[in-house]
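> Next up is a structure, given as structure tokens.
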Amino acid sequence: MRKRICMVLLAAVLFTITACGNSEENRNDNTEQEVTDMKMKVQVGESVYTATLADNSSVDALRELMADGSFTLNMSDYANMEKGADLGVTLPQNNEQMNTQAGDIILYQGRTLAIYYDTNSWSLTPIGKIDDVDAEELRETLGTGDVTVTLSLE
């Protein structure tokens, strides 16, 4: 009898774990769809790109900064992999270990916004990803020196 009760309890626990796992998958699927609806325009000189934004409190705070219009940053090169600029304010951090790719827009230490044109691996806060751009095109657009980047909501 005890063996039967243990088997029933084990089956119930496994069912619960499976149900929770499926629920988590559904939430992730919904989150990914919500992310695709949030867009930002990124202008570098004459080149204009669209970026798909992440869904986190850092992006919410950045969107609040841009609520009254565009936001212009003078970005400097760092380590031949990114352009970065101090925001002048501290945003909430949602750091995660990530391997950046060209086009990733990240927040570093809550104050620095960076656009990657090469790879890096670090604990960073994802802000978004520039759509439909490769490393070569982005490296050419961003150039070798400082660059002015204007961000605005679509």
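> Using θ = phi - 60° and the Karplus form 6.51 cos²θ - 1.76 cosθ + 1.60, what ³J(HN,Hα) does each residue of region 83-99 get, whole Hz, x for Gly and Pro?
Each residue's phi maps through the Karplus curve to give 10, x, 8, 6, 6, x, 9, 9, 9, x, 9, 10, 5, 8, 5, 8, 10 Hz.
> Give the cross-link partners of Lys41 among the aspartates and glutamates, using a straight C-alpha distance below 16 Å as the criterion and excluding same-chain residues fewer than 8 apart.
Asp60, Glu64, Asp68, Asp104, Asp131, Asp132, Glu154
> Shifting gears a bit: Rounded to the nearest 0.05, what FRET efficiency do Glu136 and Ser76 give with R0 = 22 Å and r taken as the Cβ-Cβ distance? Could you check?
Computed FRET efficiency for Glu136 and Ser76 comes out at 0.55.
> Amide H to amide H, which residues 5 or more places from Glu82 or on other chains are under 5 Å from it, using H placed in the peptide plane?
Tyr117
> For a protection proxy built on the mean count of beta-carbon atoms within 10 angstrom, sort 85-91, 66-72 highest first, please.
Ranking the peptides 85-91, 66-72 by packing returns 85-91, 66-72.
> In nm, to one decimal, how far is the Asp60 label point from the Asp37 one, both placed 7 Å along Cα→Cβ?
Label at Asp60, label at Asp37, 1.5 nm between them.
> With a 1.4 Å probe and all protein chains left in place, how much accessible area per residue does region 27-154 have, in Å²?
Per-residue value: 53 Å².
> For region 84-154, what's the radius of gyration and Dmax over Cα atoms, in angstrom?
Cα-based Rg and Dmax for region 84-154 come out at 12.0, 31 Å.
> With θ set to phi - 60°, apply the Karplus curve 6.51 cos²θ - 1.76 cosθ + 1.60 along region 100-115 and write out the HN-Hα couplings as whole Hz, x wherever there is a Gly or Pro.
6, 10, 4, x, 5, 10, 10, 10, 10, 6, x, 10, 10, 9, 10, 10
The values are calculated or read from the model by the stated rules, or taken from the named source; none is laboratory data. All figures in this text were calculated on a predicted structure; none of them were measured in a lab. Ideal geometry is used to build each Cβ from the backbone, glycine not excepted, and the neighbour counts take in all protein chains shown. Accessible surface is based on the protein model in full, side chains and every heavy atom, while ligands, DNA and RNA are left aside. Shrake-Rupley method; radii C 1.70, N 1.55, O 1.52, S 1.80 Å.
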